Amino acid sequence: MSTIETLAQKLAIDTLKIQDAIDEDRLYVEVGQVLGAASQSLEEAYLTEVRVRLAERKARDFLNQKIAALQAEAEARHSTTGGGQ
């Protein structure tokens, strides 16, 4: 992993932790603007890292909701068929 990738990864992780803690969902954009003024290469790598992590969160939330819905459906079927009694 290159220096830029390593720095971008660490910065993205830290930014998202702080963003979650203060409930400010656009903090990463502000950090990206600061980076852009100093290094476009690091800004691009950082924004990629952040976007990948945010996308993964959305996908995980979607899958967790699907699993919960399927479990609820299975439990409802089970209780209406008198299973387990």
Could you give the length gained by full extension between GLU44 and LYS17, i.e. 0.36 nm per residue of separation minus their alpha carbon distance, to one decimal place?
7.8 nm
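Counting only other residues whose beta carbon sits under 14 Å from that of LYS10, what net charge do I get with K and R as +1, D and E as -1?
Value of the local net charge: -1.
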Amide H to amide H, which residues 5 or more places from SER39 or on other chains are under 5 Å from it, using H placed in the peptide plane?
none
Degrees separating the helix 40-80 axis from the principal Cα axis of the chain, which is the longest one
10
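With r as the distance between the Cβ atoms of ARG60 and THR80 and R0 = 30 Å, compute the FRET efficiency 1/(1 + (r/R0)^6) and round to 0.05.
That gives a FRET efficiency of 0.45.
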In degrees from 0 to 90, rounded to the nearest 10, what is the angle of the helix 3-22 Cα long axis to the longest principal axis of the chain?
60
Nearest 10, in degrees from 0 to 90: the angle of helix 27-38 to the longest Cα principal axis of the chain is 20
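Only the coordinates and a few stated rules stand behind these numbers; no lab work does. Keep in mind that what you see is a predicted model, and the values were worked out from it rather than measured. Every residue, glycine among them, receives a Cβ derived from its backbone with ideal geometry; neighbour counts consider all protein chains shown.
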